[in-house]
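The values are calculated or read from the model by the stated rules, or taken from the named source; none is laboratory data. Values in this document were obtained by computation on a predicted structure and should not be read as measured data. A quick note on method: Cβ atoms are made from the backbone with ideal geometry, for glycine too, and the neighbour counts reach across all protein chains shown. The protein model used for the area step is the full one, side chains on, heavy atoms only, and it has no ligands, DNA or RNA in it. Shrake-Rupley method; radii C 1.70, N 1.55, O 1.52, S 1.80 Å.
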Amino acid sequence: LIATIGLVTIWVVAFLFFYFFIPLIANQAKQLSDVNITEVGYYLSQPFLQLELMIRDYVPGAEDFSFNALLTENIVSVVSVQDVTSVFGSVANMLGSLAVALFSISFITFFFMKEENLFLGGITMMLPKKYERSISRAMSSINKLLIRYFIGVFAVAFCVMVVLTIGLTFVADLSFQTSLVIGLIAGVLNVIPYVGPLIAAIIGLIIGTATHLDLIATGGIGTLLIKIGSVFAIMKIIDDTIFQPYIFSNSVKAHPLEIFLVILIAGSIGGILGMLIAIPTY
């Protein structure tokens, strides 16, 4: 009964999270899809023309340089009908795999929760009898550390979302809904050490620009980008000086340099996924 209640609680929390935030993200995506591409091209044409003339004047051998030709050439070389077909096929396969994964994870999780010592018993039975007590102590310690780590990670993600939402709303003058979506994306990506905040900042700048295209014509887009960038920079400083050292050092009882090297090695071996699971695995 307790295992069932625990599993249902996990699913309810996950459902409520998506129930509240998916409509916000969908609405933001709709706003971005409603952007007039012709209008964007008109606003950007003059700055790009000036940059194009500057490149032709000051860069040797670039007398025939053209942004239009460059973009057309790269888009044609990168995007093809076969690629689009492949993307749809990959999405279909991903949805099928996701359904199987959700059922499998729920099924396995239920029995691990129902039979509390099932995992520990599986580990100890593969090792010599004389190490059983040491393994039990180690697993108990690991369990406590991982609980502290993941609670800390969720707390940091929530704090990042709240601080960015407030900062982008009152400092960058973005709408609350746009700020909340950017904050949510940044909070989720912040779980990825070092790389995540950078990706979140780029996404924030793109969304901020796309929702304020009228500022391009008046020349105020630069000020907006500086404000958004400043909010992310301040958030990064707070994260690096308060959140990250506390979570990644104190929570797992390791030196910050030790944690940095672990993440660096994991990133070299497994890319972003490696960085994501580096600390809990270590």
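Condition check: surrounded by fewer than 10 Cβ atoms within 10 Å (Cβ to Cβ) and over 22 Å from residue 253 (Cβ atoms). Does residue 125 satisfy that? Taking the combined requirement at face value, the residue satisfies it.
Residue 169 meets all of the listed conditions (1) in contact with a helix residue (DSSP H, G or I) (Cβ under 9 Å, 6 or more places away or on another chain); (2) more than 15 Å from residue 28 (Cβ to Cβ); (3) of a type in the set (S, T, N, Q) but one, namely (2). Taken together, 150, 158 contain a single residue that is within 27 Å of residue 274 (Cα to Cα), open to solvent by 40 Å² or more (accessible area, probe 1.4 Å), touching a Gly at 6+ places or on another chain (Cβ under 9 Å) and not β-branched (Val, Ile, Thr), which is 158. Hey, does the range 90-104 have a residue that's among the small types (Gly, Ala, Ser) and touching an Asp or Glu at 6+ places or on another chain (Cβ under 9 Å)? No: the range 90-104 contains no residue that is among the small types (Gly, Ala, Ser) and touching an Asp or Glu at 6+ places or on another chain (Cβ under 9 Å). For beta carbons closer than 6 Å, sequence separation of 6+ or different chains, a first residue in the range 1-26 that is part of a helix (DSSP H, G or I) and a second that is among the acidic types (Asp, Glu) and open to solvent by less than 70 Å² (accessible area, probe 1.4 Å), there are no qualifying pairs.
Residues that are more than 9 Å from the chain's Cα centre (by Cα) and at pLDDT below 85 within the range 174-194 comprise 193, 194, listed in sequence order.
If you check 146, 127, 168 for being more than 25 Å from residue 9 (Cβ to Cβ) and part of a helix (DSSP H, G or I), only one passes: 168. One residue stands out among those in the range 195-224 that are β-branched (Val, Ile, Thr), assigned to a helix (DSSP H, G or I) and modelled with pLDDT of 75 or more: the one that is farthest from residue 153 (Cα to Cα), which is 223.
What pairs come up if the first residue lies in the range 156-184 and is more than 19 Å from residue 242 (Cβ to Cβ), the second is among the aromatic types (Phe, Trp, Tyr), and their beta carbons are under 6 Å apart, counting only those six or more places apart or on different chains? Qualifying pairs under 6 Å: 169/176; 184/21.
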